[in-house]
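Undergrad: Before I ask anything, let me first share the structure, which is written out below as structure tokens.
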């Protein structure tokens, strides 16, 4: 059990790091500045000029994140199942579904950009329209709406309270994470995705440290 908990702790810390790197790159290297008046074609040009960076960033924050999430979901299931069996039977599938959606979201964006780049050299309008469609699919899978991850965080937090496996404050933070994620399904509250991401940095980091400490005790 200690090896699985240690792996889960490392995975949780990686999740926190992925958010930090994701926000950091988005705020610097992939920040176009004041692009409020930009057309869809101009936004695509900006991304294509940084295609390798965008694809690397996407694979890191989505695909690698999703792989680590599978490890964490299994580790948390193992830790919480004894005293919160019914909750974890529901929570863990949500965690694995979220991991799958996140991985799919990253692959759609990365592979889609490669296809768009090929089209762009001969038809800018078609490439732009294709990228707009790909972006909508990517956001629907997990780039913008975070309801699946939010439900998972809520269920994990409820299970942690029932089993007393984590500090209560960590459970409350998990409820904030979960609620913010679930509410992103409401179009006017989509900006809560930022709250979902930022609050998860603390949530994942705390879970990671706690699991690593417990696995060695």
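Just so it is clear, none of the values below were taken in a lab; they were calculated from the coordinates. Note that the structure is predicted; figures quoted are calculated from it, not measured. Here Cβ is always computed from backbone atoms with ideal geometry, including for glycine, and neighbour counts include all displayed protein chains.
Undergrad: How far, in degrees from 0 to 90, does helix 124-138 lean away from the longest principal axis of the Cα atoms of the chain, to the nearest 10?
TA: 10
Undergrad: What is the Cα centroid distance between the stretch 157-187 and the stretch 1-43, reported in whole angstrom?
TA: Each part reduced to its Cα centre gives a spacing of 21 Å.
Undergrad: Related question: Report the label-to-label distance for residue 21 and residue 86 in nanometres (one decimal), using points 7 Å from each Cα along the Cα→Cβ vector.
TA: For residue 21 paired with residue 86, the spin-label model returns 4.1 nm.
Undergrad: Hey, what angle do you get for helix 147-163 against the long axis of the chain, alpha-carbon based, 0 to 90 degrees rounded to 10?
TA: For 147-163 against the chain, the angle is about 10 degrees.
Undergrad: Which FRET efficiency value, to the nearest 0.05, is calculated for residue 162 and residue 34 with the Förster distance at 45 angstrom and r the Cβ-Cβ distance?
TA: Efficiency at R0 = 45 Å is approximately 0.40.
Undergrad: Let me have the relative contact order for the stretch 1-144, percent, based on Cα pairs under 8 Å that are six or more residues apart.
TA: Contact order relative to length: 28 percent.
Undergrad: Another one. Based on the mean of other beta carbon atoms within 10 Å per residue, what is the order of 36-45, 87-96, 61-70, most packed first?
TA: Per-residue Cβ counts within 10 Å, averaged per peptide and sorted highest first, yield 61-70, 87-96, 36-45.
Undergrad: Can you grab the distance from the C-alpha centre of the stretch 191-209 to the C-alpha centre of the stretch 49-120, Å, no decimals?
TA: So the separation of the two Cα centres works out to 15 Å.
Undergrad: Full extension from residue 97 to residue 194: what is 0.36 nm times the residue separation minus their Cα-Cα distance, to one decimal in nm?
TA: Computed gain between residue 97 and residue 194 is 32.8 nm.
Undergrad: Normalising by the residue count of the stretch 97-217, find the relative contact order in percent from Cα pairs under 8 Å and 6+ residues apart.
TA: Over the stretch 97-217, the number comes to 21 percent.
Undergrad: Then there is this: Mind pulling the angle between the C-alpha long axis of helix 2-27 and the longest principal axis of the chain? Nearest 10 degrees, somewhere in 0 to 90.
TA: 30
Undergrad: Once fully extended, how much extra length lies between residue 202 and residue 137, figured as 0.36 nm per residue of separation less the alpha-carbon to alpha-carbon distance? Write out the running numbers ahead of the final one.
TA: Values: separation 65, 0.36 × 65 = 23.40 nm, distance 2.86 nm.
Length gained between residue 202 and residue 137: 20.5 nm.
Undergrad: Here's something else I'd like to know. Just want to confirm a number: the relative contact order over the stretch 171-217, from Cα pairs under 8 angstrom separated by 6+ residues, in percent.
TA: 35
Undergrad: Expressed in nm², what is the orientationally averaged projection area of the convex hull enclosing the Cα positions of the stretch 45-189?
TA: Mean orientational projected area (the stretch 45-189, Cα hull): 9.3 nm².
Undergrad: Which residue, 107, 188, 26, has the most motion in a Gaussian network model of the chain that connects Cα atoms within less than 10 Å?
TA: Per the Cα network of the chain with a 10 Å cutoff, 188 tops the list.
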